[in-house]
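Step one of this worksheet: look at the structure below.
The values are calculated or read from the model by the stated rules, or taken from the named source; none is laboratory data. Note that this is a predicted model, so its numbers are computed, not measured. Every residue, glycine as well, gets a Cβ built from its backbone with ideal geometry; the counts of neighbours run over all protein chains shown.
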Amino acid sequence: AQSVTQLGSHVSVSEGALVLLRCNYSSSVPPYLFWYVQYPNQGLQLLLKYTTGATLVKGINGFEAEFKKSETSFHLTKPSAHMSDAAEYFCAAPVGNNRLAFGKGNQVVVIP
Amino acid sequence: KAGVTQTPRYLIKTRGQQVTLSCSPISGHRSVSWYQQTPGQGLQFLFEYFSETQRNKGNFPGRFSGRQFSNSRSEMNVSTLELGDSALYLCASSLETGERYEQYFGPGTRLTVT
């Protein structure tokens, strides 16, 4: 069963515009959620994680995500896109010890 | 601290051959997980090792196997390679085993099967 759902494969955003990547999770998912970023020819880098507590989570590179239980969502945002944000972004949830289920990913293209 | 390292970075093999990939976790990390990444299937969990024991296994055939050594380094082996095994194989390490522990990924090994 899919634990996280990411809508849309490619996301185009103008430089300086808001970046919004959507992630919804299954209600059965434990209260831990992650966002990872993958640059070309590289592995995954942890952007941020939610592990209960404050629902607004700040990560690296100016990204943040808000955990909304009522909407089962954990959307990733960045107020102002930079060219260096061009990458693929994955939402993930644990489905067992050290076993992550990933969304299909969003390829972000930044338009100058 | 050095990150997760994987060797080799690139590999080309022929159908029917076998391959061994290596992963060295971050110093002090005791859990190692393996994932396969393909354009069609995305990121899929292969297995997790903790304290030299396989704790978790994904839905892959028995041709895929792994092991972990006492220093936490891990290897995965794929026997009788098929074209569909072409993928990026990612290793991730974690401090302990548990859902709340974040995983840190290596750069991956790009395997091409011809």
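Within the option set B:41, B:6, B:17, being within 24 Å of residue A:91 (Cα to Cα) and surrounded by fewer than 18 Cβ atoms within 10 Å (Cβ to Cβ) holds for one residue only, B:41. The strands (runs of 3 or more DSSP E) found wholly in the range B:56-108 and carrying at least 2 residues that are at the interface with chain A (Cβ under 10 Å from one of its Cβ atoms) and surrounded by 14 or more Cβ atoms within 10 Å (Cβ to Cβ) occupy B:87-94.
A single entry from A:69, A:58 fulfils the requirement of being in contact with a Leu (Cβ under 9 Å, 6 or more places away or on another chain), among the basic types (Lys, Arg) and surrounded by fewer than 17 Cβ atoms within 10 Å (Cβ to Cβ): A:58.
Flag not set for residue B:20, criterion: among the polar types (S, T, N, Q) and in contact with a Ser or Thr (Cβ under 9 Å, 6 or more places away or on another chain). Filtering A:37, A:109 for residues that are surrounded by fewer than 21 Cβ atoms within 10 Å (Cβ to Cβ), part of a strand (DSSP E or B) and either more than 9 Å from every other protein chain (Cβ to nearest Cβ) or touching a residue at least 40 places away in the same chain (Cβ under 8 Å) (or both) leaves a single hit, A:109. Here is the figure for the range A:3-34: residues that are surrounded by fewer than 14 Cβ atoms within 10 Å (Cβ to Cβ) and either in a loop (DSSP other than H, G, I, E, B) or not polar (S, T, N, Q) (or both) total 10.
Within the range B:66-91, residues that are more than 24 Å from residue B:29 (Cβ to Cβ) have Cβ atoms under 8 Å from residues that are outside any loop (DSSP other than H, G, I, E, B) and not β-branched (Val, Ile, Thr) in these pairs: B:79/B:65; B:81/B:13; B:85/B:111; B:86/B:111, counting only partners at least 6 apart in sequence or on another chain. Scanning the range A:66-88 for residues that are within 13 Å of the chain's Cα centre (by Cα), more than 12 Å from chain B (Cβ to nearest Cβ) and under 21 Å from residue A:25 (Cβ atoms) yields A:66, A:67, A:73, A:74, A:75, A:76, A:77, A:78.
Based on what the data block shows, is residue B:43 touching a Phe, Trp or Tyr at 6+ places or on another chain (Cβ under 6 Å) and either in contact (Cβ under 8 Å) with a residue 24 or more places away in the chain or under 17 Å from residue B:114 (Cα atoms) (or both)? Here the answer is yes, as residue B:43 does meet what is asked.
Considered as a group, the residues in the range B:31-53 that are over 12 Å from the mean Cα position of the chain (by Cα) and not hydrophobic (A, V, I, L, M, F, W, C) include one that is nearest to the other protein chains (Cβ to nearest Cβ), and that residue is B:42. Can residue B:28 be described as facing chain A (nearest Cβ under 9 Å), in contact (Cβ under 8 Å) with a residue 60 or more places away in the chain and in a loop (DSSP other than H, G, I, E, B)? Criteria not met by residue B:28. Exactly one residue out of A:49, A:69 is among the basic types (Lys, Arg) and modelled with pLDDT of 90 or more, and it is A:49.
Does residue B:18 qualify as being within 13 Å of chain A (Cβ to nearest Cβ), at pLDDT 95 or above and within 15 Å of the chain's Cα centre (by Cα)? Judged against the criteria, residue B:18 is not a match.
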